[in-house]
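Down below is the structure, laid out as structure tokens.
Nothing in this text is a laboratory measurement; each read-out follows from the coordinates by a stated rule. Not measured: the values here are computed from a predicted model. Every residue, glycine among them, receives a Cβ derived from its backbone with ideal geometry; neighbour counts consider all protein chains shown.
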Amino acid sequence: MEWIFDGIGTTILSSLVSLLLGGGIGYKVGINKNKVKQEQKAGDHSSQIQIGRDGHVR
């Protein structure tokens, strides 16, 4: 029964490290991916129509 649990500590440790690194990198990518710059050319409290694409290329 000893061989079943051999290396389980290493597996848990490597899983935690990869979870933290992957989560951090994924968070950075997700935060910086959807930045769209828009300008308003009309004055305050005016109606405008949006023309163009939303930036999602498929």
What length, rounded to one decimal in nm, is gained on full extension from Ser14 through to Lys28, with 0.36 nm per residue of separation minus their alpha-carbon distance? 2.9 nm
Highest to lowest packing among 16-26, 37-47, scored as the average C-beta count within 10 Å: 16-26, 37-47
